[in-house]
1. Among the candidates ARG212, ARG248, ARG235, single out the residue that is surrounded by 13 or more Cβ atoms within 10 Å (Cβ to Cβ) and closer than 26 Å to SER6 by Cβ.
2. Scan region 121-131 residue by residue and report those that are of a type in the set (A, V, I, L, M, F, W, C) and part of a helix (DSSP H, G or I).
3. Before we move on, is LEU264 aliphatic (A, V, I, L, M), crowded, with 17+ Cβ neighbours inside 10 Å and in contact with a helix residue (DSSP H, G or I) (Cβ under 6 Å, 6 or more places away or on another chain)?
4. Give the residue that is surrounded by the most Cβ atoms within 10 Å (Cβ to Cβ), with candidates limited to residues of region 58-86 that are without any contact (Cβ under 8 Å) to a residue 12 or more places away in the chain and not in a helix (DSSP H, G or I).
5. GLY231 versus (1) modelled with pLDDT of 95 or more; (2) at positive phi: which is the lone unmet condition?
6. Among the residues of region 14-26, is any touching a helix residue (DSSP H, G or I) at 6+ places or on another chain (Cβ under 8 Å), among the aliphatic types (A, V, I, L, M) and surrounded by 12 or more Cβ atoms within 10 Å (Cβ to Cβ)?
7. Can we say SER60 is farther than 25 Å from GLY139 by Cβ and either of a type in the set (Ser, Thr, Tyr) or in contact with a Ser or Thr (Cβ under 6 Å, 6 or more places away or on another chain) (or both)?
8. Can you confirm whether region 161-176 contains a residue that is over 30 Å from ARG311 (Cβ atoms), modelled with pLDDT of 90 or more, of a type in the set (S, T, N, Q) and loosely packed, with under 12 Cβ neighbours inside 10 Å?
Amino acid sequence: MQLRYSFRLYPSAGQRSALSRAFGCARVVYNDALRARETARAAGLPFIPSGELSKQLTASKKTPGRAWLAEVSSVVLQQSLRDLDTAYKNFFDGLRGKRPKTGPPRFKSRKDTRQSVRFTANAGWKITTGGKLRLPKVGDLAVKWSRSLPSTPSTVTVVKDSAGRYFASFVVETGPEETLPETTPEVGIDLGLKHFAVLSDGTKIDSPRFLRRAEKRLNKAQRALSRKEKGSKNRDKARIRVARAHARVADARREFHHRLSTRLIRENQAVAVEDLAVKGLARTRLAKSVHDAGWSAFVSMLEYKAARYGRTLIRIGRFEPTSQVCSQCGVQDGPKPLHIRVWTCSACGAVLDRDINAAVNVAKAAGLAVSACGAQVRPGLVPAPRSEAGTHPTPQPSTAR
């Protein structure tokens, strides 16, 4: 499978200027190609293929108005055309129902806070013996190598985020040699807000609430930004301070997700999690807390790490009544208000913790054989309650002649 490894870059002033030039040229090429296709569509002409756009790009370099496109690597410009093709493909696939619907491609603005360019293998980039990243027409950039690459990367994307930081993102191929040895534990996970995750073995992991803890600092930075005059240098500086404050929150949340997901994948052969309706929950009064938790990003990490290390990830339906069913006897006791955290089963009298009971039921719905708090997750034959014992044996056909 292909994975993306990101490392922090520290370009010099001249290299930042060269990267800014590359960002701008890639944006112009993208917008020119999009404008050509939209003009053809409005005139009722056929869709312009990529080969024709590439010829127009080569011809435009020889004109006085676009001669400065030759100052950057040609691979960067060609990859910008590939990005436009990808945007159109995603749009058309959404209309055909092959993927979630997305809007049509839009023009890029030079005021966008996130910019990127991509270099493929034929661009001639390489990692020097001194550990620097050599990019054509940019130079040797200093890289903070936090880990080693598992294989030779095929492409590198240079990204400048809204906080003004630079990153090198490598695409590498990983093989089956990373598969972890098999283990026996299996676990179900109930995701929540008070406790970020409750495991079927009774472990409760508190929610760090990174955004809530940083709200005071974020509000102060946002107030300072709102008081600056639009278009001034001080407003640009204040905007970067706000972006950096948000970046620290996002980095801390991502680090927490990575550590927890890696631990769960390493310690368990199979992991079951509920498929939550995050978009719906994000439209309620709990929207800020839901976004702060970042459930979707966490589950995505579990998914790709399970595939990478030879584990099993099981998603159960969001309509499974995991909080209503007793994990001891299997009787559904009906919905309960959120303030009820502990309840007693009316059928068997078991005292159940709401979150642990839900985690056990998640594991049961996924067919995992783990035990928690004395409850058998994959139970044997359980006598049906009297109210459900209404099935009669099927009469056998007579053998009399």
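1. Values: ARG212 fails: closer than 26 Å to SER6 by Cβ; ARG235 fails: closer than 26 Å to SER6 by Cβ.
So the residue among ARG212, ARG248, ARG235 that is surrounded by 13 or more Cβ atoms within 10 Å (Cβ to Cβ) and closer than 26 Å to SER6 by Cβ is ARG248.
2. Step one: list which residues in region 121-131 are of a type in the set (A, V, I, L, M, F, W, C), which gives 121, 123, 125, 127.
Within region 121-131, ALA121, ALA123 meet the criteria.
3. Numbers: aliphatic (A, V, I, L, M): yes; crowded, with 17+ Cβ neighbours inside 10 Å: yes; in contact with a helix residue (DSSP H, G or I) (Cβ under 6 Å, 6 or more places away or on another chain): no.
For LEU264, the condition - aliphatic (A, V, I, L, M), crowded, with 17+ Cβ neighbours inside 10 Å and in contact with a helix residue (DSSP H, G or I) (Cβ under 6 Å, 6 or more places away or on another chain) - is not met.
4. LYS61
5. Going through the list (1) modelled with pLDDT of 95 or more; (2) at positive phi, GLY231 breaks only (1).
6. Step one: of region 14-26, the residues touching a helix residue (DSSP H, G or I) at 6+ places or on another chain (Cβ under 8 Å) are 21-22, 25-26.
Within this subset, residues satisfying the condition of being among the aliphatic types (A, V, I, L, M) are 22, 26.
Checking the rest, the ones that are also surrounded by 12 or more Cβ atoms within 10 Å (Cβ to Cβ) come to 22, 26.
There is at least one residue in region 14-26 that is touching a helix residue (DSSP H, G or I) at 6+ places or on another chain (Cβ under 8 Å), among the aliphatic types (A, V, I, L, M) and surrounded by 12 or more Cβ atoms within 10 Å (Cβ to Cβ).
7. Working: farther than 25 Å from GLY139 by Cβ: yes; either of a type in the set (Ser, Thr, Tyr) or in contact with a Ser or Thr (Cβ under 6 Å, 6 or more places away or on another chain) (or both): yes.
Here the answer is yes, as SER60 does meet what is asked.
8. At the first step, the residues of region 161-176 found to be over 30 Å from ARG311 (Cβ atoms) are 161-166.
Narrowing the set further to residues that are modelled with pLDDT of 90 or more leaves 161-166.
Of the ones still in play, those that are also of a type in the set (S, T, N, Q) are 162.
Next cut, loosely packed, with under 12 Cβ neighbours inside 10 Å only: none.
Looking for residues that are over 30 Å from ARG311 (Cβ atoms), modelled with pLDDT of 90 or more, of a type in the set (S, T, N, Q) and loosely packed, with under 12 Cβ neighbours inside 10 Å, one finds none in region 161-176, hence no.
The values are calculated or read from the model by the stated rules, or taken from the named source; none is laboratory data. Here the structure is a predicted model, which means the values were calculated and not measured. Backbone-built Cβ (ideal geometry, glycine too); neighbour counts: all protein chains shown.
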